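Worksheet for the structure shown next.
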Amino acid sequence: MTCVGAVLLLPWIAYLAASLPRSHSVRAWNVAWVGFDVVLAVCFAFTGWWLLQRRQVAIMGLSVTATLLFCDAWFDVSFGWGSSEQLWALGSAALFELPIAALMIASTLRILRRSSAVVAQLRGQLSPPVSIWEQRFVMLAPDDDAAYSPKK
């Protein structure tokens, strides 16, 4: 389904690239930006709480917050390009938003790796787990996992 979504977006992207105006005036600009930052702050708060509580759901919070940080950097740089805010947008993205997002993604991968290692150990698997990029869902029983293993 997600692959279908990616394919369906291609003509939409082409349409937008050809039809959108080069500039646009927005009445609720401040509402959009303040609202975005409120959502980002809420995501930071929940993610921090889940991490302090050592909850698995922190993976979701880390992923969502990192994604919002990447989006924030993208829009700051895009909208600030060629203006007096360009230097601030680039600096903010390079020094804060992108490094924090990268740290959150690295933390997500670390939690996934450790969780998979614990599950493998509990299943009695002595060999180290496969790469995080090749792992199957942890929720599968060991015999189900064999049915879903990649064909070599």
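Below, the figures for the structure above:
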{"item": "Filtered residues of region 111-124 (kept if surrounded by 13 or more Cβ atoms within 10 Å (Cβ to Cβ) and out of contact with any Pro (no Cβ under 7 Å at 6 or more places or on another chain))", "result": "Ile111, Leu112, Arg113, Ser115, Val119"}
{"item": "Residue within region 128-135 that is surrounded by 15 or more Cβ atoms within 10 Å (Cβ to Cβ) and modelled with pLDDT under 95 present", "result": "yes"}
{"item": "Test: residue in region 4-18 that is surrounded by 10 or more Cβ atoms within 10 Å (Cβ to Cβ), hydroxyl-bearing (Ser, Thr, Tyr) and assigned to a helix (DSSP H, G or I)", "result": "yes"}
{"item": "Test for Ser78: is it under 20 Å from the mean Cα position of the chain (by Cα), in a helix (DSSP H, G or I), more than 30 Å from Arg136 (Cβ to Cβ) and in contact (Cβ under 8 Å) with a residue 12 or more places away in the chain", "result": "no"}
{"item": "Contacts under 9 angstrom Cβ, first residue in region 11-31 being under 16 Å from Phe79 (Cβ atoms) and free of Cβ contacts under 8 Å to residues at least 60 places away in the same chain, partner of a type in the set (A, V, I, L, M, F, W, C) and surrounded by 10 or more Cβ atoms within 10 Å (Cβ to Cβ), 6 or more apart", "result": "Val26/Ala32"}
{"item": "Among the candidates Ser78, Ser92, residue that is surrounded by 17 or more Cβ atoms within 10 Å (Cβ to Cβ) and either touching a strand residue (DSSP E or B) at 6+ places or on another chain (Cβ under 6 Å) or at negative phi (or both)", "result": "Ser92"}
{"item": "Tally of residues being part of a loop (DSSP other than H, G, I, E, B) and closer than 19 Å to Ile59 by Cβ across region 116-141", "result": "12"}
{"item": "Pairs where the first residue, in region 54-66, is outside any loop (DSSP other than H, G, I, E, B) and the second is at pLDDT below 95 and not polar (S, T, N, Q), C-beta under 6 Å, 6+ apart", "result": "Ile59/Ile111"}
{"item": "Residue, nearest to Glu97 (Cα to Cα), within region 12-65, restricted to residues that are among the hydroxyl-bearing types (Ser, Thr, Tyr) and modelled with pLDDT of 95 or more", "result": "Thr65"}
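The values are calculated or read from the model by the stated rules, or taken from the named source; none is laboratory data. These numbers were taken from a predicted model, which means no experiment stands behind them. We place every Cβ from the backbone using ideal geometry, glycine too, and count neighbours over all the protein chains shown.
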